[in-house]
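Here the structure is laid out as structure tokens; the discussion comes afterwards.
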Amino acid sequence: MIRFENLTLGYERHPAVHHLDADVEPGDLLAVVGPNGAGKSTLLKGIMGLLRPLEGRILLDGLPRRRIAYLPQQAEIDRGFPMRVEELVALGLWHRIGALRGLGREERRAIGDALAAVGLTGFERRSIASLSGGQFQRALFARVLLQDAPLILLDEPLTAIDQRTAADLLALVRRWHGEARTVIAVLHDLELVRAHFPSTLLLARELVAVGPTAEVLRAEHLFRARQMAEPPDEHAALCRRGVA
Amino acid sequence: MTPHELIIAPFVEFEFMRRALTGCLALSLGATPVGVFLLLRRMSLTGDAMAHAILPGAALGYLLFGLSIGAMTIGGLAAGLAVALLAGIVARGTLLGEDASLAAFYLISLALGVLLISLRGSQVDLMHVLFGTVLALNDAAILLIAAIASVTLFSLALLFRPLAAECVDPTFLRTVSPLSPVAHYGFLVLVVLNLVGGFQALGTLLAVGIVILPAAAARFWARDITGILLAAVVIAFAGSLCGLLFSYHLGVASGPAIILAIGAGYVLSLLAGPQGVLTRRLLAHRHLEA
């Protein structure tokens, strides 16, 4: 189980996630939704340990962070580097090959299987720069697949890709859910969340609601989330919540 | 003039030419792959700034011990590493980006270096430090350059996967491995080491030429990293050879001749390489089936 305890994450002392208390059950398929600037991506970075909490903590139930698969937004990846698709995907085997081990027959088969699972068979030797946005996202999903992680974090995995690619990648997410892996995905398409994600966490810097999707995505919650989302205030006073 | 007289004889007849060529071969093997990674990490200008940053350390070594390779090398290494570290700290701890903080430090370093040398040295010494003396490499200098090339190749082989991962997706590397800072700072150490090695032959101002120019030229010849590395080494060594021969036959300064020859290789690659301007123009009207 993942537990957020009075969690505040932020940048330069401005909170992006403010006093969040919530639990994520093992094997859950959880959508994190909310307006822009609501702290969704920040929350994933916090889980990964890429951002240290300003207050509170994240409990991972003994799961080492290196066993979490994290797919950041595509903008954070440099596709100008001369790398082949199979080399990018092979990085997902880091927990087996590390920095030095070569790829054995078993690893090569795993890479082939992962590429087949995302529909990229035949793209092994293509450079990553030559892939379309959707194909590149498929390659990144293949890398996540190879990480074989019990907890998977996806930051806007279905943004700016066509319907067919989105459907294929969503099928993969559901497959991970079926394998009892915990999947947390930041998403914007509420219809898609309603159709495929059993649980949802609605965030607007502060927690609006968390639980079964149908209950969380009620009109009054969504209205409240829109009201709460506001940019950081340069002249904000010190937060006194929880201070005796 | 026969081809033998043109190309072979200068090296057969003169030991200083053989030494210069040996030094350039070692630099091509060590400094050039570092340049490829600098280029791919979009840090070409960082290399330039670091080259300047070496100067005050080398100058301090010179001020205290004269033209001693050991003192100038240690001084250069210390100054280069200090500036890399300070620029990183300033970039992370303040509003200033890494490029701006590096620029600030290297400008200070360059001025300080020239001032230090002028305290004791002559114009000739200043030219020696700024532009090197590739035709006067002694045993110690060649051994130093060769040792740095060996350490570089061995380290790059060890760090290859983390370095590539850090270039493409630094966040991913941070999440799967504790090697991210090792790759980052280890690479910066390699940059400084190779600039110090290059400084022996080409001086602080020109050393960065054999690091960056071959890497930039190689980008026009190959699409994958192995091909780019090989092409860069070949271009660096071929440029060095041509530059030394120009310098010998035309009686011009050897360091600038080498960098200009590699520069000519860059222009040629830019125009005629498979990824170059002309090739792309020629092929532009013919589209593929898929």
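The values are calculated or read from the model by the stated rules, or taken from the named source; none is laboratory data. Because the structure is a prediction, the values reported are computed rather than measured. Don't worry about glycine lacking a Cβ; one is built from the backbone with ideal geometry, like all the others, and counts go over all protein chains shown. Areas reflect the complete protein model, heavy atoms only, side chains present, ligands, DNA and RNA absent. Shrake-Rupley method; radii C 1.70, N 1.55, O 1.52, S 1.80 Å.
One line per residue, one yes/no per condition, for (1) open to solvent by less than 10 Å² (accessible area, probe 1.4 Å); (2) among the aliphatic types (A, V, I, L, M); (3) closer than 21 Å to B:PHE187 by Cβ; (4) in contact with a strand residue (DSSP E or B) (Cβ under 7 Å, 6 or more places away or on another chain):
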| site | (1), (2), (3), (4) |
| --- | --- |
| B:ARG19 | no, no, no, no |
| B:THR22 | no, no, no, no |
| B:VAL36 | yes, yes, yes, no |
| B:MET43 | no, yes, yes, no |
| B:ALA49 | yes, yes, yes, no |
| B:HIS52 | no, no, yes, no |
| B:LEU55 | yes, yes, no, no |
| B:ALA58 | yes, yes, no, no |
Quiz prompt | Residues (facing chain B (nearest Cβ under 9 Å) and either part of a helix (DSSP H, G or I) or open to solvent by less than 10 Å² (accessible area, probe 1.4 Å) (or both)) located in segment A:91-109 | solution = A:LEU91, A:GLY92, A:TRP94, A:HIS95, A:ILE97
Quiz prompt | Lone qualifier among A:GLY34, A:GLY56, A:GLY10 - being of a type in the set (Gly, Ala, Ser), open to solvent by less than 50 Å² (accessible area, probe 1.4 Å) and touching a Lys or Arg at 6+ places or on another chain (Cβ under 7 Å) | solution = A:GLY34
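So which residues in segment A:59-72 are open to solvent by 40 Å² or more (accessible area, probe 1.4 Å), more than 10 Å from every other protein chain (Cβ to nearest Cβ) and in contact (Cβ under 8 Å) with a residue 24 or more places away in the chain, if there are any at all?
Kept after step one, since they are open to solvent by 40 Å² or more (accessible area, probe 1.4 Å), are these residues of segment A:59-72: A:59, A:61-67.
Filter once more, so that each one left must be more than 10 Å from every other protein chain (Cβ to nearest Cβ): A:59, A:61-64.
Result: A:LEU59, A:ASP61, A:LEU63.
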Quiz item: Restricting to strands (runs of 3 or more DSSP E) lying wholly in segment A:1-55: which have 3 or more residues that are assigned by TED's automatic domain parsing to the domain that holds A:ILE184 and modelled with pLDDT under 95?
Solution: A:2-11, A:14-24
Self-check item: Close pairs from segment B:278-290: first over 18 Å from A:SER130 (Cα atoms), partner part of a loop (DSSP other than H, G, I, E, B) and modelled with pLDDT of 80 or more, Cβ under 8 Å, at least 6 apart
Solution: B:THR279/B:GLY273
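Results for (1) surrounded by 20 or more Cβ atoms within 10 Å (Cβ to Cβ); (2) out of contact with any strand residue (DSSP E or B) (no Cβ under 6 Å at 6 or more places or on another chain); (3) modelled with pLDDT of 90 or more, shown as yes or no for each residue.
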position	(1), (2), (3)
B:ALA147	no, yes, yes
B:LEU153	no, yes, yes
B:LEU156	no, yes, yes
B:PRO162	yes, yes, yes
B:SER180	no, yes, no
B:GLY186	no, yes, yes
B:VAL189	no, yes, yes
Quiz item: Picking from B:VAL182, B:VAL151, which residue would you name as being out of contact with any helix residue (DSSP H, G or I) (no Cβ under 6 Å at 6 or more places or on another chain), assigned to a helix (DSSP H, G or I), within 14 Å of chain A (Cβ to nearest Cβ) and of a type in the set (A, V, I, L, M, F, W, C)?
Solution: B:VAL182
Quiz item: Within segment B:4-84, which helices (runs of 4 or more DSSP H) (wholly inside it) include 1 or more residues that are acidic (Asp, Glu) and more than 20 Å from the chain's Cα centre (by Cα)?
Solution: B:9-13, B:15-40
Quiz item: When you look at B:VAL211, is it under 29 Å from B:ALA164 (Cα atoms) and either open to solvent by less than 10 Å² (accessible area, probe 1.4 Å) or more than 14 Å from chain A (Cβ to nearest Cβ) (or both), yes or no?
Solution: yes
Exercise. Consider A:LEU120 carefully, then state whether it is assigned to a loop (DSSP other than H, G, I, E, B), of a type outside the set (S, T, N, Q), touching a helix residue (DSSP H, G or I) at 6+ places or on another chain (Cβ under 8 Å) and more than 14 Å from every other protein chain (Cβ to nearest Cβ).
Key: yes
